[in-house]
Amino acid sequence: MIPAVALALAALSTPSVAGPWRAALDLAGGTLKFGVEIAANGSLLRGTLCNGRQCDAFSAVRLDGDSVRFELADYAASITAVLRGDSLVGAYRNVGNRGPRVIPFRASRGRWPVSPAPRWLSGEWYALFHGSVEDTPRIFEFRNGPAGLEGTIIGNAGDYSHFSGEATNDSFALSRFDGSFVYLLTGRLVGDTLRGTFHAGLKAQTAFDAVRAQGPSPLKPPTAVTRADTTAPFHFAFRDVNGVLVQSDDPRFRGKVVVVDAFGTWCPTCHEAAPSLVELYRTRQAQGLEVVGLAYEVSGDTAVDGALVRRYRDKFGIPFPLLLAGTNDVDAAAATLPQLEGFTAFPTTIFVGRDGRVRRVHAGFYGPATGAQHGALVAEFSREVDRLLAEPAPPGIP
Amino acid sequence: MHSRALPLVAMLCFASPVVAQLPQDLARERTEYLTWLRSAPTSPFAAIALQRVGAGLTLGPAGSDVMLSGVAQVRVTESAGRVTLDSGGVSTPLTRNRVMPLGSYRLLAAGAAGRTVLLVFGVPREVRTPVYFPFAPAAIDTVTLRPPQRRQSVLLLAPEGIDVEADEAGSVTVSRFGPPVSLRVRRFPGQSAEEWELEIYFRDATNGRGSYPAGRFVSLQPLGNGRYLLDFNRARNPFCAYSSVFPCPAPWPGNTLTEPVAAGERYGPAPEGEQ
């Protein structure tokens, strides 16, 4: 009897973080809500970060006394918090070169209530973001999903991934936090126009207004964002994570259709594009397709970037080569592929014909959050590859 | 004699209405900043050189543009925006805004293409903990951002001494320190494509008399509906205050408050008994 009491007392004195948590980042202009689920198996903790129905695993969850640390290794970020009764209070952090990027974090036990998408908000909207120098177009897509209001924002460089949120009366708030993107979209219906604010990070706020989608899309077609020199074969030469030089002239690529994926492990949209590229490669490699990933990473340090790219490769079971091409600074990345003009988006997919020349460049990617557009784009990529595979190989190449 | 006998309790009673308590969020912000200064690989206290790449730079033994002990000579060049490190016949791209190791040093190519600067970092020197004026509740104001007369971008030095393209964001009126003054606000790029900071580089009557002579930066905290919190307790020195490696941004014309703004970061030690 006494040992049982002692065990029970010991269990009571050890804080338990297992279970669902209503988590939030406190941005300067509003609350970015997301879910955290923690499961305990003995002393081993696992956790997921959820934006509505879309959940991703933390790379690690550690409990040290009353301190919890959630690792987001894909983005070299973390959340640290202190457990106080049924609350967690702390901060999300990742390191920049110009100072710390720190956003207050808090959570309480339970799940956020499900808020269905109201009819006045559901559907497609054409939005204009009002910058200090110029206004830029976006498309909002809102719908009702299994976990209530969800949707995405689409810009010229693709979508901002899956958002989830709530709507009350004439107001709405949808958000996205994945360890890298810290986005919150808030607004209300005024007449037939949505007016509101797009919050990015702790302090950036951009005003927008949006009207029901009607007429041609305000966005540039993804094939018009980036152009390529087609007068000469497309050239690349970078080392893989083992230091082996891989270049476009290698026999493996000669006479083949090559899909070049310019990506970054830091880029959530690239994560969403990876499975469809793997599928494309698996189903068409025997017919003459090669895929190669060019990684533009954060640190520029081969050891650090190599580890992140290996992790990305293993996460998606990528069977094609991934090369360390550079860092994600737009100017620096563009300089590594001088045959492209207007290279500004991650991912950018480059379709190269059997003659080695670029046939199409697609900036950005429509992830699963865009619903039908995702399926349509994946099918379009397949058709493009099939068209190129059907072309004869240049003379002299078997 | 009488004052010497004043008990501690009485001193605290007198002191409490004068010295306001530092708000938790500001205390946390200052702690995070100090941690970053102490630990970041690109802390200004670890910087040993900042030079424009221009027609090319050499790093390494004596006689190099930047002398680095234990490093064989390397040459840094910029062509069509691409920065390259050449050493012993091997050419390595030096990616902009990303840290690259070179022996026991770290390199960072930064700034706009065509105006690239190379920063070299070594072992961090002793970090001088930033010193602040006592917290001043009166130095917090709510302001309205008026749009700029012309929507345009300008190339100027950011607090870290590097050229950035900043957008003219407008102006705010400050009336807590002498006659109302309109201060210019600029939008600086942040740490991701969608993020940015609204910054004011201002001068005031404490410059050279407790605060940094060239002026200080303070950012606006959005409150919604075009209103912003302007908290001079958050005013920060440019990096040139920490190290002569960094060039100082030229004061922004007109951004001068005639009265002292005794809030935010100091330059030099606080007067005895103040902190």
query = Which of the residues belonging to region B:44-68 are among the polar types (S, T, N, Q) and at pLDDT 90 or above?
reply = B:58, B:64
ask   = Which ones in region B:107-118 are touching a strand residue (DSSP E or B) at 6+ places or on another chain (Cβ under 7 Å), hydrophobic (A, V, I, L, M, F, W, C) and either part of a loop (DSSP other than H, G, I, E, B) or more than 10 Å from chain A (Cβ to nearest Cβ) (or both)?
value = B:112, B:117, B:118
message = Of everything in region B:87-106, what is assigned to a strand (DSSP E or B) and either touching a residue at least 40 places away in the same chain (Cβ under 8 Å) or at the interface with another protein chain (Cβ under 9 Å from one of its Cβ atoms) (or both)? Give them in sequence order.
response = B:93, B:96, B:99, B:100, B:101, B:102, B:105, B:106
query = What is the one condition in (1) over 23 Å from residue A:229 (Cβ atoms); (2) touching a strand residue (DSSP E or B) at 6+ places or on another chain (Cβ under 9 Å) that residue A:282 does not satisfy?
reply = (2)
request  = Restrict the check to region A:122-130 and report whether at least one residue is surrounded by fewer than 18 Cβ atoms within 10 Å (Cβ to Cβ), modelled with pLDDT of 95 or more and within 30 Å of residue B:158 (Cα to Cα).
outcome  = yes
ask   = Which number in (1) buried (at least 16 other Cβ atoms within 10 Å of the Cβ); (2) among the hydrophobic types (A, V, I, L, M, F, W, C); (3) away from chain A (no Cβ under 14 Å); (4) touching a strand residue (DSSP E or B) at 6+ places or on another chain (Cβ under 7 Å) marks the one condition that residue B:121 misses?
value = (3)
message = Among the residues of region A:136-154, are any touching a helix residue (DSSP H, G or I) at 6+ places or on another chain (Cβ under 6 Å) and either surrounded by fewer than 21 Cβ atoms within 10 Å (Cβ to Cβ) or in a loop (DSSP other than H, G, I, E, B) (or both)?
response = no
request  = Scan B:183, B:156 and give me the residue that is more than 12 Å from chain A (Cβ to nearest Cβ), closer than 28 Å to residue B:27 by Cα and within 22 Å of the chain's Cα centre (by Cα).
outcome  = B:183
Selected residue (criterion: farthest from residue A:111 (Cα to Cα)) from residues of region A:14-67 that are among the acidic types (Asp, Glu) and not in a loop (DSSP other than H, G, I, E, B) = A:64
remark   = Condition set outside any strand (DSSP E or B) and modelled with pLDDT under 90, scope region B:217-239, selection farthest from the chain's Cα centre (by Cα): answer is B:225
query = Going by the conditions given, is residue A:375 buried (at least 20 other Cβ atoms within 10 Å of the Cβ) and either modelled with pLDDT of 85 or more or over 15 Å from residue A:272 (Cβ atoms) (or both)?
reply = no
message = If I ask for residues that are of a type in the set (A, V, I, L, M, F, W, C) and either within 28 Å of residue A:328 (Cα to Cα) or within 14 Å of another protein chain (Cβ to nearest Cβ) (or both), which ones from region B:69-86 would you list?
response = B:71, B:74, B:76, B:80, B:83, B:85
query = Only one of B:128, B:176 is assigned to a loop (DSSP other than H, G, I, E, B), more than 9 Å from every other protein chain (Cβ to nearest Cβ), within 20 Å of the chain's Cα centre (by Cα) and at negative phi; which?
reply = B:128
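The values are calculated or read from the model by the stated rules, or taken from the named source; none is laboratory data. This is a predicted model, so every value here is computed, not measured. Ideal geometry is used to build each Cβ from the backbone, glycine not excepted, and the neighbour counts take in all protein chains shown.
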